[in-house]
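Note sheet for the following structure.
The values are calculated or read from the model by the stated rules, or taken from the named source; none is laboratory data. Bear in mind that the values here come from a model prediction, so they are computed numbers and not experimental data. Quick reminder, even Gly has a Cβ in these numbers, built from the backbone with ideal geometry, and neighbours come from all protein chains shown. Accessible surface areas use protein heavy atoms only, side chains included; no ligands, DNA or RNA. Shrake-Rupley method; radii C 1.70, N 1.55, O 1.52, S 1.80 Å.
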Amino acid sequence: MARRPLVAGNWKMNGDRAGVDRLVRGILAGLAQGGGVEVMVCPSYVHIPQVAELTRGTPLAVGAQDLSEYDSGAYTGEVSGAMLAEFGCGSVIVGHSERRHLFGESDDRVAEKFAAALRHGLTPVLCVGETLEERRAGSTEQVIARQLDAVIGHVGVPALAGAVIAYEPVWAIGTGQTATPDQAQAVHAFIRERIGGRDPGLAGEVRILYGGSVKPDNAGSLFGMADIDGGLIGGASLDADAFLAIVRSAGQE
Ligand code: PEP
């Protein structure tokens, strides 16, 4: 079965009410109904209700950028999976490199967040990726395997059926330096093989997105690779025209 491409925008800590309104309306204006590409945006927590309202009944899905590993209680500042689901999110990013590196999220904590997402019926978008030092040291596959195995060890391989994986080399995020299509494909194939070693059927079905300075001019060559099923887009997702151009590239593959 062919994997349906997914293009997800990670807005990070950007936007205000008026800007979010303009951006969502701009994306909706150019989004084909029933297109072959699944499209999602991940606003900040506070903008989720606004975006959920604007996108109700449209093909544009809403996701979150993070969630708590806990379900409720005395966890000041945290937001649970149940809260996200109630406010219209269908998916949530877990283990983004900014969470791992700026906020110290360990592999184990990411695995707990992944499990929390599943508990609340959210699709986790699990980010994995190596730093520049790790790539230069030749340990890319080792790092990806460790990040992936932490989650598999916690929830089991079958749980990946309800998830999306995003390969995001840390050195390519927000730097303007994109992995070449061949570099990205090699890691995507490695991820699929690693899952395939445990469940070949699932490996063929799970969607693996590429993220890291994807722009309209490089999206087509990345999405054309056999194991790249769409993208997780940061900077370019804040511009409706650029984001829509990337969505169209995914639809042509
Ligand atoms: C990201 O933050 O997930 C990302 C890929 O950012 P950018 O596209 O800006 O590199």
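Condition test on Tyr75, is it over 30 Å from Ala242 (Cα atoms) and of a type in the set (Phe, Trp, Tyr)? Yes. Inspection of the stretch 168-176 finds a residue satisfying the criterion of being over 24 Å from Ile27 (Cβ atoms) and among the polar types (S, T, N, Q).
Of Gly176, Gly231, Gly224, Gly220, all but one fail to be surrounded by 20 or more Cβ atoms within 10 Å (Cβ to Cβ), more than 19 Å from Val151 (Cα to Cα) and not charged (D, E, K, R); the exception is Gly231. Restricting attention to the stretch 97-125 and to residues that are aliphatic (A, V, I, L, M) and within 12 Å of the ligand (Cβ to nearest atom), the residue that is nearest to Gly211 (Cα to Cα) turns out to be Val125.
Hey, does the stretch 18-35 have a residue that's within 16 Å of the ligand (Cβ to nearest atom), without any contact (Cβ under 8 Å) to a residue 60 or more places away in the chain, aliphatic (A, V, I, L, M) and not in a loop (DSSP other than H, G, I, E, B)? Looking through the stretch 18-35, none of the residues is within 16 Å of the ligand (Cβ to nearest atom), without any contact (Cβ under 8 Å) to a residue 60 or more places away in the chain, aliphatic (A, V, I, L, M) and not in a loop (DSSP other than H, G, I, E, B).
Applying the set (1) closer than 21 Å to Val94 by Cα; (2) assigned to a helix (DSSP H, G or I) to Ile165 leaves exactly one unmet item: (2). Per the conditions (1) open to solvent by less than 20 Å² (accessible area, probe 1.4 Å); (2) over 22 Å from Cys42 (Cα atoms), the sole criterion not satisfied by Ile165 is (2). Listed by first and then second residue, the pairs with beta-carbon distance under 6 Å, at least 6 apart or on different chains, first residue in the stretch 190-203 and over 14 Å from Glu141 (Cβ atoms) and buried (at least 16 other Cβ atoms within 10 Å of the Cβ), second among the hydroxyl-bearing types (Ser, Thr, Tyr) and at pLDDT 95 or above, form an empty list.
Somewhere in the stretch 14-27, is a residue modelled with pLDDT of 95 or more, open to solvent by 70 Å² or more (accessible area, probe 1.4 Å) and under 18 Å from the mean Cα position of the chain (by Cα)? No, the stretch 14-27 has no match at all.
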